[in-house]
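Heads up, the thing below is written out as structure tokens.
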Amino acid sequence: MTKHIFVTGGVVSSLGKGLTTASIANLLESRGLRVRIQKFDPYLNVDAGTMNPFQHGEVYVTADGGETDLDLGHYERFSNCPLTRACNVTTGRIYQNVITKERRGAYLGGCVQVVPHVTNEIKAHIRQFDGPEVDVVLSELGGTAGDIESAAYLEAFRQFAYEHGRDNCVFVHLTLIPYLRASGELKTKPTQQSVGILRQIGIQPDMLVCRTEKSMTQEMRDKIALFCNVEKKYVFEEKDVEHSIYELPLVLHEQGVDDAMIHRLGLPTKPANLDEWQKLVHTVTNPKGSVEIAVVGKYIELKDAYKSVYEAIAHAGIANNVDVNVQRIAAEEITDDNVGAKLRGVCGILVPGGFGERGIEGKISAVRFARENRVPYYGLCLGMQIATIEFARNVCGLKGAHSTEFAKDSPHPVITLLKDQVNIKDMGGTMRLGAQPCKLTEGSIARKAYGAELVQERHRHRYEFNNAYRKQLSEKGLVISGINPELDLVEIVEIKDHPFFVGVQFHPEFQSKPTKAHPLFREFVAASLKRKASM
Ligand code: GLN
């Protein structure tokens with residue numbers, strides 16, 4: 001029988017529930033268990049694709065083209081669980097299913113209600129991965145206990161555990177123990193109250209993971225256990241990690257979190273195999289140097305907006321045994337006049353993906369600076385389109401070259417919409433999405449980095465390199481080093497005689513893992529290190 005672990009959060013959001021869930025999955029896998037993870041998001045968007053990064057951080061893309069919450073990125077980086085669009089369930093999707101069924105008459109004239117119809121729909125999703133191939137399903141609930149919008153989920157979780165057998169389910173509640181600087185104390189009351197909310201609904205959490213800045217005393221743990229009605233040995237502490245989020249599974253393992261779950265669920269035990277992970281953490285905590293890389297973007301204030309990009313850069317640092325200092329630079333503040341000053345001292349420049357016009361000209365200036373000064377450049381999606389525009393304007397002399405996303409009437413639309421995108425009215429789920437093949441050109445930087453001829457990379461964009469300009473740009477030295485063999489679309493551009501200048505139409509950051517850095521990120525950081533050595 002498949003067992004279930006539910007992860008809820010209390011007191012405040014942004015406690016790192018996704019990281020904790022991902023770390024638990026990591027630990028259970030290290031014990032030889034077959035795990036699945038899913039995230040329930042209580043908002044009405046059908047998926048995360050229509051949300052802007054300011055509100056909800058990066059939109060993570062699964063191989064099958066799902067536009068999902070960024071927590072799925074953590075799941076993929078920390079575990080080997082297969083993740084698809086089905087692993088992110090939103091209230092929008094639940095209601096869409098219920099309403100579709102209602103329109104079909106599937107409820108046979110019944111009055112359709114939150115309980116039982118919506119809760120039944122949620123329960124059907126909770127058990128979607130159950131079967132002989134899956135030992136444990138982790139279900140994380142977005143938001144915080146007490147939110148009006150998560151009520152139906154908590155009720156569904158409660159009902160599910162009742163029906164599936166309470167012993168076959170574990171409720172983990174992640175909560176905050178705030179530290180009051182003025183009085184120099186950690187406070188447990190918010191945790192007591194948050195657990196109180198769950199108990200009112202009929203959920204008695206089995207385990208508490210307490211987020212805290214300072215270590216809790218045993219006395220404090222005992223008090224939390226007593227007041228929250230949780231066994232003492234199941235009150236865990238999750239202090240802010242010192243160096244890297246990848247320390248978290250080890251922090252939890254040391255406290256016996258995996259043992260506790262395995263024991264509580266009656267799962268077969270195997271000793272944890274964490275060798276690879278320990279090695280990784282050792283590398284992160286003992287870097288042999290550092291390198292400065294600039295990320296020139298639109299949402300640089302918000303770390304979550306380019307989450308996977310920053311993580312992939314960190315992985316590349318691990319692969320090169322160095323610490324990468326990322327300088328986040330606002331594209332809209334860059335001009336041709338100040339670009340030298342803004343990017344002084346950086347050893348590599350990265351322009352990530354993006355939508356909308358703000359900061360575009362600044363990004364073009366940054367790319368020009370990288371090209372002319374032979375600074376390693378790495379462009380992701382929009383960053384590749386920008387590189388193409390810069391090359392067209394400043395190397396090929398195509399004045400006004402642009403993407404039709406930003407200049408409908410550009411005389412040289414080097415980036416444009418494909419025909420099948422022109423008449424699209426619905427914005428949700430209609431971009432070029434998910435994993436697609438890319439054939440690499442012999443002798444290119446990309447071909448060498450990947451060490452393979454055919455690769456699969458994930459996409460999320462509407463606009464494309466305009467094939468009408470392929471010949472003209474190639475003749476001037478733009479190397480088309482990756483092509484989608486089925487659609488004949490340009491996927492990678494490089495520049496000849498440059499230490500590292502690579503723009504990719506896809507999002508390689510989604511496939512990078514801490515234990516296996518993405519080859520292009522790895523080589524970009526390697527090239528940046530080389531530049532540093534020569535500076
Ligand atoms: N806005 C561009 C497009 O839609 C780039 C998208 C991206 O960077 N993800 O094609």
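The values are calculated or read from the model by the stated rules, or taken from the named source; none is laboratory data. Predicted model, so just to flag it, every value in this text is computed and none were measured. Neighbour counts run over all protein chains shown; Cβ positions are idealised from the backbone, glycine included. Each accessible area value is taken on the protein alone, full model and side chains, heavy atoms only, with ligands, DNA and RNA left out. Shrake-Rupley method; radii C 1.70, N 1.55, O 1.52, S 1.80 Å.
Starting from 0 in steps of 10 Å, tell me what percent of the Cα-Cα pairs of the range 207-341 lands in each bin.
Calculated P(r), rounded to whole percents: 10, 27, 27, 20, 11, 4, 1.
Rounded, prolate or oblate, given the Cα gyration tensor of the range 364-490, with a/c below 1.5 counting as rounded? Walk me through the numbers before you get to the answer.
Values: a/c = 1.69, a/b = 1.04, b/c = 1.62.
Cα axes put the range 364-490 in the oblate bin.
Might you work out the accessible area of Leu433 for me, using a 1.4 Å probe with all protein chains in place, and round it to the nearest 10 Å²?
Accessible area of Leu433: about 40 Å².
Take the Cα atoms of the range 119-171, build their convex hull, and give its volume per residue in Å³. Spell out each step's value before the answer.
Values: hull volume 4.4 nm³, N = 53.
Taking the convex hull of the Cα positions in the range 119-171, it is 83 Å³ per residue.
Each residue of the range 231-248 in order: what ³J(HN,Hα) in whole Hz does its phi give by Karplus 6.51 cos²θ - 1.76 cosθ + 1.60, θ = phi - 60°, with x for Gly and Pro?
The phi angles translate into 4, 3, 5, 9, 9, 9, 10, 10, 6, 3, 6, 7, 10, 8, 4, 6, 6, 4 Hz.
Classify the range 136-280 as rounded, prolate or oblate, taking a ≥ b ≥ c as the square roots of the eigenvalues of its Cα gyration tensor: rounded when a/c is under 1.5, otherwise prolate if a/b is larger than b/c and oblate if not. Don't skip to the end; give the middle numbers.
Details: a/c = 1.66, a/b = 1.05, b/c = 1.58.
It comes out oblate by the Cα gyration axes.
Report the relative contact order of the range 374-413, percent, no decimals, based on alpha-carbon pairs under 8 angstrom and at least 6 residues apart.
The value is 25 percent.
Would you kindly calculate the mean projected area, averaged across all directions, of the convex hull enclosing the Cα atoms of the chain, in square nanometres?
On the way: hull surface 108.1 nm².
Averaging across all directions leaves 27.0 nm² for the Cα convex hull.
What residues have an amide H closer than 5 Å to that of Gln128, excluding those fewer than 5 places away on the same chain, when H is modeled at 1.01 Å from N in the peptide plane?
Answer set, sorted by chain and number: none.
Would you mind putting 289-299, 305-315 in packing order, based on average other-beta-carbon counts within 10 Å, highest first?
Details: 289-299: 22.5, 305-315: 25.0.
Descending mean neighbour count gives 305-315, 289-299.
Taking amide hydrogens as modeled 1.01 Å from N in the peptide plane, which residues meet the under 5 Å criterion relative to Glu238, leaving out close sequence neighbours?
HN-HN under 5 Å from Glu238: Cys210, Arg211, Thr212.
Per residue, what volume in Å³ does the Cα convex hull of the range 1-149 take up?
On the way: hull volume 18.9 nm³, N = 149.
Once divided by residue count, the hull of the range 1-149 is 127 Å³.
Rounded to whole Hz and in sequence order, give me ³J(HN,Hα) for the range 4-20 from the Karplus expression 6.51 cos²θ - 1.76 cosθ + 1.60, θ = phi - 60°, writing x for Gly and Pro.
Each residue of the range 4-20 in turn: 10, 10, 9, 10, 10, x, x, 6, 9, 8, 6, 7, x, 5, x, 5, 5 Hz.
Report P(r) for the range 335-413: all Cα-Cα distances, bin width 5 Å, range 0 to the bin holding the largest distance, values in whole percent.
Bin by bin from 0 Å, the calculated values are 3, 16, 28, 27, 18, 7, 2, 0.
Mind running the shape call on the range 283-438? Use the C-alpha gyration tensor, a ≥ b ≥ c as the square roots of the eigenvalues: rounded below 1.5 for a/c, prolate if a/b tops b/c, oblate otherwise.
Numbers: a/c = 2.14, a/b = 1.39, b/c = 1.54.
Oblate.
Near the amide H of Val479, under 5 Å away, which other amide H atoms are found, from residues 5 or more places off or on another chain, if H is placed in the peptide plane?
Distant-sequence amide H within range of Val479: Glu494, Ile495, Lys496.
How far apart, in nm, are two points set 7 Å out from the Cα along the Cα-to-Cβ line at Asp420 and at Lys223?
6.2 nm
Might you report the magnitude of the Cβ-based charge dipole of the range 215-275 about its Cα centre, with Lys and Arg at +1 and Asp and Glu at -1, to the nearest 20 debye?
On the way: 7 positive and 12 negative charges, 73 e Å.
Value, rounded to 20: 340 debye.
With a Förster radius of 35 Å, plug the Cβ-Cβ distance of Asp304 and Asp275 into 1/(1 + (r/R0)^6) and report the FRET value to the nearest 0.05. Walk me through the numbers on the way to the answer.
Details: r = 31 Å, r/R0 = 0.88.
Calculated transfer efficiency: 0.70.
Accessible area of the chain with a 1.4 Å probe: how many percent of it is carbon plus sulfur? Please list the in-between numbers first.
Numbers: 11070 of 22360 Å².
Carbon and sulfur together cover 50 percent of it.
What accessible area per residue, rounded to a whole number of Å², is obtained for the chain using a probe radius of 1.4 Å? Provide the component values of the computation, followed by the final result.
Working: 22360 Å² over 535 residues.
Normalised by residue count, the accessible surface of the chain is 42 Å².
Please list the three semi-axes, largest first and in whole Å, of the ellipsoid equivalent to the range 463-535, using sqrt of 5 times the eigenvalues of its alpha carbon gyration tensor.
They are 25, 19, 7 Å, listed from largest to smallest.
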